[in-house]
Amino acid sequence: MENKNKSNSITDYAIQTAPKKPEFPQQVLMQVLSALQHHNTYIADSKQQAIELQTPSSIADELLKSLKAMANGGDYSIHQGDRDAITLVGMLFQFVLEDRSLAEPIKALISRLQIPVIKIALSDPSLFAKPGHPARKLLNEMTTAAIGWVAGEDWHEDALYCKIQSCVMRVLDEYEDDVNIFTDVLADFISFVDNETRRARLLEKRIVDAQAGREQSEAARAHVKQLIDDQPLDHVADFVSKLINDVWSNVLFLVYLKDGADSEHWQKMVGVLVDLVWTVHDDRCATDRGEIVKRLPKMLKTLRAGLASINYDSFAAGEFFGALEMLHRDVMQRPNPASEEVDSSEPPSQAEAPVAKQDSKASGEGVTDETQRLADDNIYLLKAKGLGVGQWIEMYPRPNEKVRCRLVAIMRTSGKRIFASRNGAKVGEYTVADIAELLENKRIVLLEDSQLFDKALSSVIDNLREMQAAHA
């Protein structure tokens with residue numbers, strides 16, 4: 001990785017000494033580091049809006065400058081074990097500070113923890129061996145929590161930024177040699193993040209539920225529309241067609257939402273639609289009288305109940321049923337046309353009720369025409385489809401606009417991807433094709449939310465092994 005090649009070592013800046021020169025005792029080294037640490041406390045506690053990032057090389061310069069002053073012209077060196085520990089910490093922080101998943105103000109805060117971590121590494125080598133070490137866990141928790149953070153307006157007043165700053169200040173101010181301070185700060189920070197996360201997840205759930213409700217309504221409307229469009233309404237009286245389109249469609253819509261298309265209630269209401277259309281169809285005549293009379297009682301009862309369920313105007317309902325009764329009388333008195341073969345077949349039973357043709361949105365497949373136009377082997381489409389819930393991204397929706405957001409849901413009905421900010425606010429909804437296009441145009445960058453300090457340690461160790469192998 002790029003971080004490997006750029007990692008600096010304190011040996012690049014260390015005092016070059018010949019063998020057997022006197023070494024600074026570790027106690028002296030710790031005293032100098034503590035002095036530098038408390039100087040950082042003053043800087044971090046200042047009211048300036050931007051804290052300057054402290055690089056590993058700048059720490060090396062400050063440390064060597066202080067040691068030279070303490071040597072008072074003498075020729076001293078740093079013990080090799082101490083040099084190695086300082087070097088390793090510098091490489092770890094270099095990796096972290098070069099990672100693009102962290103915003104610059106957050107990097108500046110985290111960079112101030114280098115000296116305390118160096119002190120731990122000098123006194124407790126288990127820092128590098130124990131993933132559960134509180135200092136490591138604190139750095140991991142901070143970098144993970146900050147992955148979705150963006151320096152917007154008044155970023156220095158943002159709750160997460162202020163919390164990280166207060167944690168850093170507490171470590172700088174209180175840590176001498178008792179690692180328990182990291183344990184306390186870690187517990188405090190985790191509690192803060194948990195509360196923030198709970199609030200964000202609650203907002204995300206509201207967003208997803210609202211979107212699901214909208215999509216379910218859209219699917220229901222589309223299903224009902226297709227079902228009615230499939231009926232031969234051009235062969236029925238206008239007042240019947242009007243009631244079906246303007247009124248009964250609402251009955252069907254509500255039943256679909258409440259009970260679903262597989263319910264007995266839905267089949268019953270669809271059956272009423274089919275029976276109503278069949279009994280008043282232009283092709284009905286006196287020959288169909290027996291079947292019409294058989295169908296009418298149940299159909300009229302269910303029709304009245306359906307209209308009542310949506311509080312349909314009783315006067316309008318009375319007029320409709322009066323007109324319908326007259327129409328049925330007329331239909332049952334129509335002569336059987338001698339010149340044409342009349343379709344007097346029975347309407348389909350409820351079990352055979354027509355099923356509306358569903359588009360991809362109504363069927364829940366989430367496949368759009370845009371997606372279908374993209375080649376199946378399109379690498380950006382495959383990458384877009386592969387994004388899992390929880391994935392963080394950096395997006396550039398418009399020129400000079402950058403947002404960081406997390407994929408919080410994949411909608412079952414439409415297949416749309418819902419993205420929200422770190423605080424749970426909705427950022428946008430996108431189809432797979434939308435995301436593929438943004439990826440192709442480099443307007444979306446995937447962010448890793450892995451344990452960054454542990455990731456840095458793994459990378460540095462791999463880098464050191466490669467260097468060792470190269471010199472073998």
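Bear in mind that the values in this text are calculations on the coordinates, not laboratory data. Just so it is clear, the model here is predicted, and its values are computed rather than measured. Methodologically, a virtual Cβ is constructed for each residue, glycine included, from the backbone with ideal geometry; neighbour enumeration extends over all protein chains shown.
Taking 27 Å as the cut-off for C-alpha to C-alpha distance, list the pairs among 137/205; 130/402; 68/163; 130/442; 385/426 that go past it. 137/205; 130/402; 68/163; 130/442, as the Cα separations exceed 27 Å there. Using the Cα gyration tensor of the stretch 154-303, with a ≥ b ≥ c the square roots of its eigenvalues, what is the shape: rounded (a/c below 1.5), prolate (a/b larger than b/c) or oblate (neither)? Prolate, since a/c reaches 1.5 and a/b exceeds b/c. Coupling constants for the stretch 195-203 follow from the phi torsions by the Karplus curve (6.51 cos²θ - 1.76 cosθ + 1.60, θ = phi - 60°), and in residue order they are 5, 4, 5, 4, 5, 5, 5, 5, 5 Hz; glycine and proline get x.
Measuring between their Cα centroids, the stretch 411-446 and the stretch 259-294 lie 45 Å from each other. Placing unit charges on the Cβ atoms only, positive for Lys and Arg and negative for Asp and Glu, gives the stretch 231-355 a dipole magnitude near 520 debye about its Cα centre.
Cα gyration tensor of the stretch 255-323, axes a ≥ b ≥ c as square roots of the eigenvalues: rounded (a/c below 1.5), prolate (a/b > b/c) or oblate? Oblate is the answer for the stretch 255-323, as a/c is 1.5 or above yet b/c matches or exceeds a/b.
Sequentially through the stretch 229-235, phi angles give Karplus couplings (6.51, -1.76, 1.60; θ = phi - 60°) of 4, 6, 7, x, 6, 6, 10 Hz, Gly and Pro residues having no value and appearing as x. Under the criterion of Cα pairs below 8 Å and six or more residues apart, the relative contact order for the stretch 77-166 equals 33 percent.
Shown for 281, 265: other C-beta atoms within 10 Å of each C-beta, ranked fewest to most, produce the order 265, 281.
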